[in-house]
Amino acid sequence: MIRDAQRLQDLIADIRSFVRETWHPIESRVEHDDEVPAEIVDELRRKGYFGWSIPGAYGGLGLTTEELVLCAMELSQASVALRARVGTNTGIGSEALVADGTDEQKQRWLPRMARGELTGCLALTEPDAGSEASNVKTTARREGDHYVLNGEKRFITNAPLADIFTVIARTEDGTQGSKGLTAFIVERGTPGLRTGPAYRKMGQAGSPVSDVYFEDCKVPAANVIGGKEGVGFQTVMKVLNKQRLHLAALCTGPAIRMLDLAIEHTTRRNQFGQAVSNFQLVQAMIADSRTEIFAARSMILEAARARDRGEDVAMTASMCKYFASEMCGRVADRAVQMFGGSGYVADFSPIERYYRDVRLFRLYEGTSQIHQLNIAKLVLKEHGA
Ligand SMILES: Cc1cc2nc3c(=O)[nH]c(=O)nc-3n(C[C@H](O)[C@H](O)[C@H](O)COP(=O)(O)OP(=O)(O)OC[C@H]3O[C@@H](n4cnc5c(N)ncnc54)[C@H](O)[C@@H]3O)c2cc1C
């Protein structure tokens, strides 16, 4: 649903010029420094980009799902570090509070997240809880008006710089799987909370990811999201259903950018006395990439509109994430091919970096295999099987 077409167009035009004029020229510096420069983070704050999905009542823009995915497709036509810097606040880092927080909790944290003063993250994954996300071993034991958390979280995006952590922990002894899990907000500086050093990764330099440790970490009972024990997994599922559409959009932007770069290159690069874009085998790669980008965009918009109408998008969101992340990988591969040797050499083109950056999309927030299983399970259920 688009509420005000002109306002949205203005926002998209602003994102477009920011991405092209400010971000593209510094992408290789971000990769080299493994950091988004402080002045860029300040500019993102001033522009209100941290608050896209946070409701207006709590200081954000309160974008609808359709508006959010359109903005995300624009912002992500860039190296992934840009959208990863704001992306936890506009997605998994704030959404549990938006979906299930009490009004008091929302008032306390969301306005500062919307202004980018606080960076959020979601700490669900653990060493033994990856695809089996509900196999959470982190415990939270009630002691008076506090809970005491113990455990270890793995692969947490933005953990090294996050100020607040949405943490899923087991509050009920003897439970397994999705039962007995509770969602908490844990603030940086809480004694017993520690983050590890940022990992060395294949790609996405400038987007820090690390372990998070809880050692007798005392968290006020008032920080239980929604004030309700035992419903943490349901909260996470709400977060992920929306996030899958958001992430699918964030896979589509880099594919658009890589195809743009490949077209620019193939129209300039001459072999056999003509631009290589004249060769039909190269044109097939352009056509396949553009077609798949269009398919992803269409699916995402359709599913986003359905979510805005209040429909259940569990299956379509899964389809969008699965298709868009795989599509982006295929476009990245073709882009390297269209660049020839220059696609493999970082000194000659940014495509080598994009190729590494986008590989992660097929792994996180549900691997492709997990989405295949989820889609099949829901389809079979429709058929009563
Ligand atoms: C850089 C990075 C950032 C991340 N950010 C976050 C974050 O911010 N917050 C967070 O909570 N998590 C985050 N994650 C975790 C991410 O969501 C998990 O890595 C992902 O869910 C896969 O889990 P795993 O790595 O344990 O792989 P595994 O579950 O060990 O899977 C290994 C392989 O087995 C396959 N497999 C597993 N089970 C099945 C099955 N039943 N059927 C078929 N195949 C199967 C998988 O598809 C995969 O190919 C991040 C991960 C990375 C690498």
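Exactly one residue out of Val358, Val379, Val345 is in contact (Cβ under 8 Å) with a residue 12 or more places away in the chain and surrounded by fewer than 16 Cβ atoms within 10 Å (Cβ to Cβ): that is Val379.
Criterion applied to Ile300, Ile370 was being open to solvent by less than 40 Å² (accessible area, probe 1.4 Å), of a type in the set (Val, Ile, Thr) and either assigned to a helix (DSSP H, G or I) or more than 16 Å from the ligand (Cβ to nearest atom) (or both), and the one residue passing it is Ile300. Residues of the range 344-385 that are basic (Lys, Arg) and under 22 Å from Leu247 (Cα atoms): Arg353, Arg356, Arg359, Arg362, Lys377.
Reported count of residues in the range 193-233, each being among the basic types (Lys, Arg) and within 16 Å of the ligand (Cβ to nearest atom), is 2. Close contacts from the range 318-342, counting a first residue that is under 13 Å from Arg297 (Cα atoms) and a second that is acidic (Asp, Glu) and surrounded by 20 or more Cβ atoms within 10 Å (Cβ to Cβ), with Cβ to Cβ under 6 Å and a gap of 6+ residues or different chains, come to Met327/Glu292.
For the range 330-342, which positions are under 21 Å from the mean Cα position of the chain (by Cα) and surrounded by 19 or more Cβ atoms within 10 Å (Cβ to Cβ)? Once the filter is applied, which keeps residues that are under 21 Å from the mean Cα position of the chain (by Cα) and surrounded by 19 or more Cβ atoms within 10 Å (Cβ to Cβ), the range 330-342 yields Val331, Ala332.
Please enumerate the residues belonging to the range 121-149 that are touching a residue at least 40 places away in the same chain (Cβ under 8 Å), of a type outside the set (Ser, Thr, Tyr) and either closer than 30 Å to Gln204 by Cβ or within 12 Å of the ligand (Cβ to nearest atom) (or both). Once the filter is applied, which keeps residues that are touching a residue at least 40 places away in the same chain (Cβ under 8 Å), of a type outside the set (Ser, Thr, Tyr) and either closer than 30 Å to Gln204 by Cβ or within 12 Å of the ligand (Cβ to nearest atom) (or both), the range 121-149 yields Cys121, Leu122, Ala123, Leu124, Ala133, Asn135, Val136, Leu149. For the range 153-179, the candidate set comprises residues that are of a type outside the set (A, V, I, L, M), under 24 Å from Leu363 (Cβ atoms) and away from the ligand (no atom under 12 Å from the Cβ); within that set, the residue that is least open to solvent (accessible area, probe 1.4 Å) is Gly177.
The values are calculated or read from the model by the stated rules, or taken from the named source; none is laboratory data. What you are looking at is a predicted structure, and each value in this text was computed from that prediction instead of being measured. When we count neighbours, we look across all protein chains shown, and the Cβ atoms used for this are built from the backbone with ideal geometry, even at glycine. Calculation scope for accessible area: heavy atoms of the full protein, side chains included, ligands and nucleic acids excluded. Shrake-Rupley method; radii C 1.70, N 1.55, O 1.52, S 1.80 Å.
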